[in-house]
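The values are calculated or read from the model by the stated rules, or taken from the named source; none is laboratory data. If you're wondering where the values come from, they're calculated on a predicted model, not measured in any experiment. Glycine also receives a Cβ, built like all others from the backbone with ideal geometry; neighbour counts cover every protein chain displayed.
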Amino acid sequence: MVNLDKNRLIQVLLNFMTNAIKYTPEGDITMGYEYENNGIKIYVKDTGIGISEKNLPRVFHRFEKFDTFAQGTGLGLSICKAITDKMNGKIGVQSQKGKGSFFWAWFPCTAKISQAPFAT
(Lines give C-alpha, C1' and ligand atoms only; values in the text may rest on other atoms or scores of the structure.)
Protein backbone atom coordinates (compact mmCIF):
# COMPACT_ATOMS: atom_id res chain seq x y z
CA MET A 1 0.00 0.00 0.00
CA VAL A 2 1.27 3.48 -0.86
CA ASN A 3 0.16 6.52 1.13
CA LEU A 4 -0.23 9.67 -0.98
CA ASP A 5 -2.93 11.75 -2.66
CA LYS A 6 -3.92 9.37 -5.44
CA ASN A 7 -6.30 11.87 -7.06
CA ARG A 8 -3.48 14.37 -7.62
CA LEU A 9 -1.17 11.63 -8.86
CA ILE A 10 -3.85 10.56 -11.36
CA GLN A 11 -4.34 14.17 -12.45
CA VAL A 12 -0.63 14.52 -13.27
CA LEU A 13 -0.50 11.16 -15.07
CA LEU A 14 -3.64 11.98 -17.05
CA ASN A 15 -2.14 15.28 -18.19
CA PHE A 16 1.09 13.56 -19.25
CA MET A 17 -0.93 10.95 -21.19
CA THR A 18 -3.22 13.53 -22.81
CA ASN A 19 -0.22 15.48 -24.08
CA ALA A 20 1.51 12.34 -25.32
CA ILE A 21 -1.59 11.32 -27.28
CA LYS A 22 -2.02 14.84 -28.66
CA TYR A 23 1.59 15.14 -29.85
CA THR A 24 2.22 11.57 -31.02
CA PRO A 25 0.26 11.17 -34.26
CA GLU A 26 2.30 8.04 -35.02
CA GLY A 27 4.62 6.03 -32.83
CA ASP A 28 4.65 4.69 -29.30
CA ILE A 29 3.53 5.89 -25.89
CA THR A 30 4.70 4.16 -22.72
CA MET A 31 3.53 4.92 -19.20
CA GLY A 32 4.75 3.47 -15.97
CA TYR A 33 5.76 3.91 -12.38
CA GLU A 34 8.50 2.81 -10.03
CA TYR A 35 9.21 3.08 -6.34
CA GLU A 36 12.37 5.15 -6.03
CA ASN A 37 14.14 7.02 -3.21
CA ASN A 38 11.26 6.71 -0.72
CA GLY A 39 8.74 7.89 -3.26
CA ILE A 40 6.86 6.92 -6.37
CA LYS A 41 7.91 8.10 -9.81
CA ILE A 42 5.33 8.14 -12.58
CA TYR A 43 6.30 8.72 -16.17
CA VAL A 44 5.09 8.89 -19.75
CA LYS A 45 7.45 8.44 -22.67
CA ASP A 46 6.47 9.02 -26.29
CA THR A 47 8.01 9.03 -29.75
CA GLY A 48 6.04 12.09 -30.81
CA ILE A 49 7.07 15.47 -32.14
CA GLY A 50 9.20 16.39 -29.12
CA ILE A 51 10.07 19.81 -27.75
CA SER A 52 12.96 21.96 -28.93
CA GLU A 53 15.81 22.58 -26.51
CA LYS A 54 15.12 26.34 -26.45
CA ASN A 55 11.53 25.71 -25.22
CA LEU A 56 12.37 23.17 -22.50
CA PRO A 57 13.05 25.76 -19.74
CA ARG A 58 9.52 27.15 -20.20
CA VAL A 59 7.60 23.88 -20.52
CA PHE A 60 6.10 24.11 -17.00
CA HIS A 61 5.21 27.83 -17.22
CA ARG A 62 1.58 28.93 -17.31
CA PHE A 63 -0.04 29.53 -20.70
CA GLU A 64 2.94 28.11 -22.62
CA LYS A 65 1.95 26.50 -25.90
CA PHE A 66 4.60 25.60 -28.43
CA ASP A 67 2.14 24.48 -31.10
CA THR A 68 -0.38 27.17 -32.02
CA PHE A 69 -2.62 24.62 -33.74
CA ALA A 70 -3.01 22.33 -30.72
CA GLN A 71 -6.09 22.61 -28.55
CA GLY A 72 -5.65 23.57 -24.93
CA THR A 73 -4.85 26.54 -22.75
CA GLY A 74 -1.22 25.85 -21.92
CA LEU A 75 -2.07 25.33 -18.25
CA GLY A 76 -1.86 21.55 -17.89
CA LEU A 77 1.85 21.18 -17.23
CA SER A 78 1.96 24.24 -14.97
CA ILE A 79 -0.81 22.66 -12.90
CA CYS A 80 1.22 19.44 -12.75
CA LYS A 81 4.19 21.45 -11.46
CA ALA A 82 2.01 23.16 -8.84
CA ILE A 83 0.70 19.77 -7.68
CA THR A 84 4.18 18.27 -7.37
CA ASP A 85 5.47 21.37 -5.56
CA LYS A 86 2.52 21.28 -3.12
CA MET A 87 3.23 17.60 -2.41
CA ASN A 88 6.99 18.23 -1.96
CA GLY A 89 7.68 16.34 -5.14
CA LYS A 90 9.71 16.90 -8.29
CA ILE A 91 8.80 17.09 -11.95
CA GLY A 92 10.90 16.98 -15.08
CA VAL A 93 11.14 16.41 -18.79
CA GLN A 94 13.68 15.23 -21.30
CA SER A 95 12.82 15.85 -24.91
CA GLN A 96 14.29 16.19 -28.34
CA LYS A 97 12.53 17.82 -31.28
CA GLY A 98 11.39 15.15 -33.72
CA LYS A 99 12.32 12.28 -31.36
CA GLY A 100 9.81 12.41 -28.51
CA SER A 101 9.51 13.30 -24.84
CA PHE A 102 9.88 11.73 -21.41
CA PHE A 103 7.80 13.42 -18.69
CA TRP A 104 8.11 12.30 -15.07
CA ALA A 105 6.93 13.30 -11.62
CA TRP A 106 8.18 12.00 -8.29
CA PHE A 107 6.15 12.13 -5.09
CA PRO A 108 7.44 11.28 -1.60
CA CYS A 109 5.41 8.55 0.04
CA THR A 110 5.57 5.65 2.41
CA ALA A 111 5.06 2.13 1.22
CA LYS A 112 3.97 -0.79 3.34
CA ILE A 113 4.92 -4.20 2.02
CA SER A 114 2.21 -6.72 2.81
CA GLN A 115 3.07 -10.38 3.27
CA ALA A 116 -0.57 -11.39 2.77
CA PRO A 117 -1.24 -13.34 -0.42
CA PHE A 118 -3.36 -11.80 -3.15
CA ALA A 119 -7.06 -12.58 -2.98
CA THR A 120 -8.26 -14.95 -5.66
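In region 1-54, which residues are assigned to a helix (DSSP H, G or I), under 23 Å from Lys99 (Cβ atoms) and more than 12 Å from the chain's Cα centre (by Cα)? Hits for region 1-54 are Ile21, Lys22. Checking the stated criteria, Thr110 turns out to be among the β-branched types (Val, Ile, Thr), touching a strand residue (DSSP E or B) at 6+ places or on another chain (Cβ under 6 Å), exposed (fewer than 12 other Cβ atoms within 10 Å of the Cβ) and modelled with pLDDT under 90. When we screen Gly89, Gly98, Gly48 for residues that are touching a helix residue (DSSP H, G or I) at 6+ places or on another chain (Cβ under 9 Å), modelled with pLDDT of 90 or more and more than 22 Å from Leu9 (Cβ to Cβ), the only hit is Gly48.
Give the residues of region 20-35 that are in contact (Cβ under 8 Å) with a residue 40 or more places away in the chain and out of contact with any Gly (no Cβ under 7 Å at 6 or more places or on another chain), sorted by residue number. Residues satisfying the conditions are Lys22, Tyr35. Ile29 fulfils the conditions (1) hydrophobic (A, V, I, L, M, F, W, C); (2) surrounded by 13 or more Cβ atoms within 10 Å (Cβ to Cβ); (3) modelled with pLDDT under 90 except for a single criterion, (3).
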